[in-house]
Amino acid sequence: MYVIINTQFRENYGAHDWDGKGECPQHWKYKGGNTYIVTTDLWTQDVEREVLKLIQYANDYEQEYLLQVTLVDHRTFKLSNFCEEWERPVYLQKYNDQWVGRRTYKPEFPDHYPDINWHMEEWTALPLGEREDYAHNLSLEDGSVISYRDYLQKAS
């Protein structure tokens, strides 16, 4: 089973010049959101609460919150029914009591980086949208995989 979670992200532009004293100025702008695809054998209220703790957060500067949860049979799942072609969905799956996030996407400017086939990100998801053990690798045209950092160093 797949659980599709759509969120809304907002940024408080009033907080950019705030000195931290008194109340934070409020000037919220909607900045899109994320599509999370959760792979699970069993979706319960406890699992939903656990996953939403990883995704949702709010502070004076930004917030991400739930818009919709949709349960889909993995046999009928079609990504294009849940997000646009340009979106970069996050796949969440639990391994050994930890939720792992993965995102794979094509380069945004393929003409500038013709040797990159895919960006591949992976991390351990923590509460409030935090991440641990983050890795960003690139799949290159020659079949090799290299870290994003090593690629940038090689290119300079």
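The values are calculated or read from the model by the stated rules, or taken from the named source; none is laboratory data. Note that the coordinates shown come from a computational prediction; the quantities given were computed from them, not determined experimentally. Using ideal geometry, Cβ is built from the backbone for each residue, glycine included, and neighbour counts are taken over all protein chains shown. Areas reflect the complete protein model, heavy atoms only, side chains present, ligands, DNA and RNA absent. Shrake-Rupley method; radii C 1.70, N 1.55, O 1.52, S 1.80 Å.
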By a straight-distance test (C-alpha under 18 Å), which lysines pair with residue 53 as possible cross-link partners, with residues fewer than eight away in the same chain excluded?
94
Taking all protein chains as present, what is the carbon and sulfur share of the accessible area of the chain, in % to the nearest whole number, probe 1.4 Å?
47
Once the other residues with Cβ under 13 Å from the Cβ of residue 127 are scored (Lys, Arg +1; Asp, Glu -1), what is the net sum?
-1
Of the listed values (1) 173; (2) 134; (3) 102, identify the label whose number matches volume of the Cα convex hull per residue in Å³ calculated from this model.
(1)
Which percentage, to the nearest 5, of the DSSP beta bridges contained in the chain is antiparallel?
90
Computed from the beta carbon distance with a Förster radius of 22 Å, FRET efficiency for residue 77 and residue 41 to the nearest 0.05 stands at 0.90
Only four residue types carry charge here, +1 at the Cβ of Lys and Arg and -1 at the Cβ of Asp and Glu. Report the dipole size of the range 84-156 about the Cα centre in Debye, rounded to the nearest 20.
160
For a label point 7 Å along the Cα-to-beta-carbon line of residue 86, residues of the range 118-156 with backbone N under 17 Å
none
Which percent of Cα-Cα pairs in the range 31-70 sits in each 10 Å bin, short to long?
23, 57, 18, 2
With at most 11 neighbouring Cβ atoms within 10 Å, loop GluC sites (Glu not before Pro) (DSSP) excluded, longest segment of the chain
24-83
Over the range 31-156, give the accessible area per residue in Å² for a 1.4 Å probe, as an integer.
69
